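To keep things clear, I will list the structure first and then write my remarks on it.
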Amino acid sequence: MDRQIRPIYEALDTGSNKSAILACNKVLKKQPNNLLVKALKALALVRSQKVEEALLLCDEVLASKPADDPTLTAMMHVLRGLGRHMDMVTMYEDAYKQHPGNEELGTQTFFANVRIGNWKAAQQIATKMHKQFQDDHYLYWSVMSALLQAHDPTTPEALRTVLLKLAHRLVSSSATPSFYHADRFHLHVTVLKELGLYDEAYEMVESETGKIVCSSNLACDELRREIWKLKGLTEEAGERAERRILEAKDRNWLEFATVLDATFAGLLSEGSDAETAKAAVGERIVKTRELFGKVVEEDGVKDRSGHLALLELERRARQHGLATDSAALNSLLESYFQSFGGKACCYEDLKPYINLEGDDLARWTAVLEKQTASYTSVPDLWRYINAQKLLRYNLSAAALTPETESQRAAQYLDAYLEGLKLGKDLPVYELQPADDLAILSAQAFVHVWKQTSDEAFLYNAAALLEYAVARSKMSYQIRLHLVRIYRLLGAPSLALEHYRSINVKQVQNDTLSHFILSRASTFSLSSIGDLTYTSECLEASRIYLSNSEETAEFIVRAFGSEKYSQIRDFIMFEDRLDNSLQRDLVKMEHVRMRIAHEPINSELVDMELIELKFIFDRVHHDNRDFDILANYQPRSVTPFNQQTQFLEKTPGLGWLWVFLKIYIKAFQLASDLDDTVEDKLLIGDRPKPSYDPETKMPLNERLAMRKQEEIDELTPDESLFYDYASTLSQWLTPYHDYTRPPPSAVLAEAAKITEQKTGHPLKGLEIPPNAATNGHARKDEEPPAVVEPPELVTKYFDDMSKRFKEVLEGKGLPHELLHVVTLTQEAFLLFVIETTRFKAPSVIKANKLGALAQHIKEIRARASGVLSDISNSLISYAEREATAERRREIVQACKPIIHESGLDHDFVLNVAKKITDARKQIVDGVGKGMVRVCKTHA
Amino acid sequence: MVSIRPARVEDLMGMQACNLQNLPENYTLKYYLYHALTWPQLSYVAEEDGKIVGYILAKMEEDVAEGDEPHGHVTSISVLRSYRRLGLAKRLMIQSQEAMATVYKASYVSLHVRKSNRAALGLYRDTLGFTVKDIEKGYYADGEDAYAMRLSLKHLAR
């Protein structure tokens, strides 16, 4: 036997699925009922994407309720590959029932439930196993499961306390005390904490043994701190922290923050009268100041903690009206700048403390202005850079005219070029110490662009940043700035080039891909078959697959090795990635690119419909990082991130919801799948039901809901598109509903296709005999009367044609032009999706919808006309773009930054060429793509 | 205002700034998760106002050669450029080393550094007291050699 099976495993291990299947067939010929071999064949089939055949075998094996370890293991992989985690639970449960004395099967059943987050069942199994096998760790599994069930968002409020009490009862019943095992101890204290039993929790962490556990386990120590806080032991914690600072020389900010909290705690306590409390706190402030002063004296400039603590103390004292010396804050700021001005972090350090006004501001500004440029050493240069950033932060609106800002931009740039000399010998992977001056200059230019709407300033920013990045190749900061600016300038290929140079990896795809993929369909050339942006979407989404494949296994392993303190972290992490907003924003962009490239048929429509409906039930987490983009704009001005947003709107949850509604509705109309059919044809589990009450409403009601806060996230053109899409689908709904074949016919068709593919009928389907005759069952009702198309639909394309001219003549930036154009094309494609059903003359005839066909024809012709006009304009726009004259204009615009050597005329000309080429490529491509889209769907 | 605290899984999302600048090697999601789960005491982050400005990812050596003693290994250490020269790397390293010695009884800690990375080499050798033990040819994906360095932890043994 082993001799026959081994080659199968070997083939599977080396990824040769084909030979694995062959080897399986060989065995199955002689032993057609060998379950293990069937399971292994199913696995090889899943891995070679032959899902239908795999399903068949998989169901056969499941039906015979396997209970031996090799078959179960093989099936676990098969089911995981098919996304059928629920079936995995059933499989192990059945096996465990057959062999209730088998501990391993019990464990696997528990794990199967853990994987799908079924904490209730997990808790019951663990309790049962504890009774049966008398091993303590099963008891703790059940405690943890009860705790997790209490935290599950789907658990009703009232049940939570019950579950926590259950967890408490269980953990108290343990034969061995929890402190023998740090993680069990952690779990025990957590249960007490969540029940609000702070005294008991405090007793545990402060007991002899508890102290030992906390001293060697950081997770427990963090919990101990939390318990102290919850018990309101702010004063005691403060004293303890004070000792840590003085005796152990601990410079962790946590300790300083604890002392600060303790200093001001008196103000929060109720009961005592306000004046007495204030006086007492005043005295405490003096003492704390002495403490921090001592730290500063001891540390000098070796450590920033004491200095920053003094600043924070002063800030809080001012906030509570307890500052005694009005000049103190200024003195502290000056001394901090004196001591740490040469460190790169000085600006970030001081930012929270420099919201000054009046005389304070004047004094502070005077100090900074005295800081002249010096390029003799890196700390000197940094001192100058910090002074510039700090000065800029407090510039008043009056000091920010386009002229003064342009002057500043030039001044920062000159300093940058001078500062470059300091880093001329650095290895290529190092950053130039002067980089931030280039960024300051670019941000000043962008600000002037915002003020004047003159794109010349964006060219200046782009060219000088290109110069800087050539000298600081690893500067992701400069590259992110360029990505933003190139998107505004309509040079997406350059943006992508810089984005790729950042080398975004793993989880960063989730947090950073918004820089390049937000509204990426605007910049996609999928319509002419260029799939660069499309594949970027897929690339960025790979992390979500790794997450769903891997993270759950780590949760299982955390149970296995009893790392209770980490389980919730892993669960939260998995959830944040799984339900990431960015994930679905990218998905939406991918759909928008896909429809411009692929034939619009039932395969595309049905698949996307199901996926988008799943997304529509999710509760999202926004993991996008916008703070990574440096902001050196004055506090009176909008931050750089907002200044460089695409048309001043960043897509968020509301935006996603609108586009989901648009596309779900469109695909729903186009699709023959209704919910009953979908259930039968779906492979794998449905996602867990969401706890958002809104998802409990009927889908059609949800799709029709219009919310202002969602619309607020749209650009005006997107908002118009939304109106168009809603009106269009409303108009067409009755005709679709009348024409759509009945579910039985759809299933019969699906069964026929499956049988052709696999040679076996589709399982679990009973097809009524009359359904299989043809797709158009005879209707009892009369067809709905055809009404005139609404004006919003008929006029939409003409309106967009006007919008296009408006932007073109109004000299809008290229991204705005592309936005208008791609939305117009998308409106056309949406129209195609929703009218494909009515293309076949037989359908029109059978359903007596001739009048409708006529309307559709007219609208389509009108839309095509507009698209081809726009296309012509775009193509000639692109021609004008890539000319020597246009490049000269850009070079001319960049006069403020052109220098004698280095950043010279030739360098800027080269940047101008890259920009105009990139722009020509996208505008020309989009233009040609529109014609192609029209032709494909004529 | 830097706090050093144990790294958590979710910190992965906040670590991009450090990684963008300083991490040329490709570590998979699994690799991070494995570290977090297996040696939760050895990895730390430096946090400032909720922003992660540095971290150390470390582990215990799993295949200890015969005759060798149990020892730790620094997989990755990174401090945001603007937070350099503040002693953060040293503080991160010391936290991790203490745990290696006390929790896992490590007798020394090892790490690899690019031959060309003079700044890092200086930090490990001069500030932290590591010594070069060996040169590993073509250790990095791009073919560059690595210095294998180590530091005894015997003085921390409790």
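Remarks
- When peptides A:718-727, A:65-74 are sorted by average Cβ neighbour count within 10 Å, with the highest value leading, the order is A:718-727, A:65-74.
- Members of A:Lys26/A:Lys680; A:Lys707/A:Lys795; A:Lys389/A:Lys424 lying beyond 30 Å, as alpha-carbon distances in this model show: A:Lys26/A:Lys680
- For the stretch B:13-158, the alpha carbon positions stretch 43, 34, 32 Å along the principal axes, listed from largest to smallest.
- Averaging 1/r over each pair of different alpha-carbon atoms in the protein assembly as shown and inverting the result gives 33.5 Å, the Kirkwood hydrodynamic radius.
- Of the chymotrypsin sites (Phe, Trp or Tyr not before Pro) in the stretch B:77-158, the ones in a loop by DSSP (not H, G, I, E or B) with at most 15 other beta carbons within 10 Å are B:Tyr140.
- Note: relative contact order over chain A, using C-alpha pairs below 8 Å and six or more positions apart, is 9 percent.
- For the stretch A:182-266, the equivalent ellipsoid derived from the Cα gyration tensor has semi-axes of 23, 16, 10 Å, listed largest first.
- With a 10 Å cut-off around each Cβ of A:500-512, the average count of Cβ atoms from other chains is 5.
- Hits among aspartates and glutamates - C-alpha to C-alpha of A:Lys914 under 13 Å, sequence gap 8 or more where chains match: A:Glu466, A:Glu497, A:Glu881, A:Asp906
- For B:40-49, mean number of other protein chain Cβ atoms within 10 Å: 3
- The stretch A:63-172: Cα Rg divided by the 2.2 N^0.38 Å rule of thumb: 1.11
- Residues with amide H under 5 Å from that of B:Ala106, placed H, sequence gap 5 or more: B:Ala101
- For the stretch A:641-740, the spherically averaged projection of the C-alpha convex hull amounts to 8.4 nm².
- Taking only the C-alpha atoms of the stretch A:467-532, Rg followed by Dmax gives 12.2, 37 Å.
- The protection proxy used here, the mean number of other Cβ atoms lying within 10 Å of each residue, ranks peptides A:529-542, A:435-448 as follows, highest first: A:435-448, A:529-542.
- The tail of the calculated P(r) for the stretch B:1-60, taken as Cα-Cα distances beyond 18 Å, holds 28 percent of the pairs.
- Test item: Cα-centred dipole of the stretch A:98-205, Lys/Arg +1 and Asp/Glu -1 on Cβ, debye: 300 debye
- Annotation for the stretch A:204-288: trypsin sites (Lys or Arg not before Pro) lying in DSSP loop with at most 14 further Cβ atoms inside 10 Å of their Cβ are A:Lys231, A:Lys249.
- The phi torsions of the stretch A:696-706, fed into the Karplus equation with coefficients 6.51, -1.76 and 1.60 and a -60° offset, translate into couplings of 7, 6, x, 3, 5, 5, 5, 5, 7, 5, 10 Hz, rounded to whole numbers, with Gly and Pro shown as x.
- Net charge of the neighbourhood of A:Ser326, taken over other residues with C-beta under 10 Å away and scored Lys/Arg +1, Asp/Glu -1, is -2.
- Ordering of A:733-743, A:252-262 by packing [mean C-beta count within 10 Å, highest first]: A:252-262, A:733-743
- Solvent-free Debye calculation, one equal scatterer per alpha-carbon of the stretch A:530-585: log10 I(q)/I(0) at 0.13 Å⁻¹ equals -0.41.
- Each residue of the stretch A:279-289 is assigned a 3J(HN,Hα), and the resulting list reads 4, 5, 5, x, 5, 4, 4, 4, 5, 4, 4 Hz, derived from the Karplus form 6.51 cos²θ - 1.76 cosθ + 1.60 (θ = phi - 60°), x at Gly and Pro.
- Remark on B:Phe130: its backbone amide H falls under 5 Å from those of B:Arg125, a criterion applied only to residues 5 or more positions apart or on other chains, H modelled at 1.01 Å from N.
- Scalar couplings 3J(HN,Hα) for the stretch A:54-71, obtained by applying the Karplus form with A = 6.51, B = -1.76, C = 1.60 to θ = phi - 60°, are 4, 4, 4, 5, 4, 5, 4, 4, 4, 4, 8, 6, x, 9, 8, 4, x, 5 Hz; x denotes Gly and Pro.
- Radius of gyration and Dmax over the Cα atoms of the stretch A:836-938, both given in Å: 22.9, 77
- The orientation-averaged projection of the convex hull spanning the C-alpha atoms of the stretch A:693-734 amounts to 3.5 square nanometres.
- For the stretch A:260-374, the alpha carbon convex hull comes to 107 Å³ per residue, rounded to a whole number.
- Seen from every direction in turn and averaged, the convex hull around the alpha carbons of the stretch A:379-497 projects onto 7.3 nm².
- The stretch A:18-83, Cα convex hull volume normalised per residue, Å³: 72 Å³
- For the stretch A:269-318: span of alpha carbons on each principal axis (Å, largest first): 43, 16, 14
- Pairs of lysines in chain B whose Cα atoms sit within less than 28 Å of one another amount to 25, provided the residues are eight or more positions apart or on different chains.
- Loop trypsin sites (Lys or Arg not before Pro), the stretch A:41-100 (other Cβ atoms within 10 Å of the site Cβ: 14 or fewer; DSSP): none
- Amide H contacts under 5 Å for B:Ser76: B:Leu57, restricted to partners 5 or more places along the chain or on a different chain, H placed in the peptide plane at 1.01 Å from N.
- Under 16 Å from A:Lys839, Cα to Cα: aspartates and glutamates that are on another chain or at least 8 residues apart: A:Asp672, A:Asp737, A:Glu858
- Size descriptors for the stretch A:306-416 (Cα atoms only): Rg and Dmax, in that order, 14.8, 45 Å.
- Per residue of A:421-431, other chain Cβ atoms within 10 Å of the residue Cβ number 2 on average.
- Equivalent ellipsoid semi-axes - Cα gyration tensor, the stretch A:1-43, angstrom: 15, 10, 8
Only the coordinates and a few stated rules stand behind these numbers; no lab work does. Predicted model only: the values in this text are computed from it and were never measured. Cβ: placed from backbone, ideal geometry, glycine included. Neighbour counts: every protein chain shown.
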